[in-house]
1. Determine if the range 43-53 includes at least one residue that is outside any loop (DSSP other than H, G, I, E, B), of a type in the set (A, V, I, L, M, F, W, C), out of contact with any Lys or Arg (no Cβ under 9 Å at 6 or more places or on another chain) and under 15 Å from GLY98 (Cβ atoms).
2. Within the range 5-23, restricting attention to residues that are outside any strand (DSSP E or B) and either among the hydroxyl-bearing types (Ser, Thr, Tyr) or in contact with a strand residue (DSSP E or B) (Cβ under 7 Å, 6 or more places away or on another chain) (or both), which residue is modelled with the lowest pLDDT?
3. Go through the range 57-100 and count every residue that is part of a strand (DSSP E or B), crowded, with 18+ Cβ neighbours inside 10 Å and out of contact with any Gly (no Cβ under 8 Å at 6 or more places or on another chain).
4. Kindly list the number of the only condition in (1) under 11 Å from the mean Cα position of the chain (by Cα); (2) free of Cβ contacts under 8 Å to residues at least 40 places away in the same chain that fails for GLY47.
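The values are calculated or read from the model by the stated rules, or taken from the named source; none is laboratory data. Here the structure is a predicted model, which is why all the values come from computation and not from measurement. Glycine also receives a Cβ, built like all others from the backbone with ideal geometry; neighbour counts cover every protein chain displayed.
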Amino acid sequence: MNPDDRRYTKEHEWVKVEGDGKARIGITAYAVEELGDVVYFELPNAGESVSQAQKFGEVESVKAVSDLFAPVSGEILEVNPELSNRPEAVNEDPWEKGWLLVVRLQDDAELGGTMSAQEYSDLTST
């Protein structure tokens, strides 16, 4: 079940607007299931910027290496410190503990290019 408090991309990332112009970014449970056991993340640093629909990092699992794409543009405020030591946290809880980045949202209008939980569920159930 995909939480209704987020927006989703066809590349299987989620974004949750948290107020004060901040947005938290992660990968979906569907993505985690497809990847299998995650063993490594390559993520940018705080202070760098991400651009909507552009690659910002990679996730490596026992099955594959996959690119990560930003659902929105913004300056990176935080990178989840747990993932450098415990990348498997994303397998345990992709919705809360397994988040990737917090960004200062550059343009709220970009959220219009993402999907609702129901639209994303429809995409992944076909």
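1. At the first step, the residues of the range 43-53 found to be outside any loop (DSSP other than H, G, I, E, B) are 49-50.
So of that shortlist, the ones also of a type in the set (A, V, I, L, M, F, W, C) come out as 50.
Checking the rest, the ones that are also out of contact with any Lys or Arg (no Cβ under 9 Å at 6 or more places or on another chain) come to 50.
Narrowing further to those that are under 15 Å from GLY98 (Cβ atoms): none.
No.
2. In the first step, residues of the range 5-23 are kept if they are outside any strand (DSSP E or B); the result is 5-6, 9-12, 20-21.
Narrowing further to those that are either among the hydroxyl-bearing types (Ser, Thr, Tyr) or in contact with a strand residue (DSSP E or B) (Cβ under 7 Å, 6 or more places away or on another chain) (or both): 5-6, 9, 11-12, 21.
Values: ASP5: 97, ARG6: 98, THR9: 98, GLU11: 97, HIS12: 97, GLY21: 94.
Within the range 5-23, the match that is modelled with the lowest pLDDT is GLY21.
3. If we filter the range 57-100 for residues that are part of a strand (DSSP E or B), which is where we start, we get 57-61, 65-69, 74-79.
With crowded, with 18+ Cβ neighbours inside 10 Å added as a condition, the list becomes 59, 61, 66, 68-69, 74, 76, 79.
Filter once more, keeping what is out of contact with any Gly (no Cβ under 8 Å at 6 or more places or on another chain): 59, 66, 69, 74, 79.
Selection size over the range 57-100: 5.
4. Evaluating GLY47 over (1) under 11 Å from the mean Cα position of the chain (by Cα); (2) free of Cβ contacts under 8 Å to residues at least 40 places away in the same chain leaves (1) as the failure.
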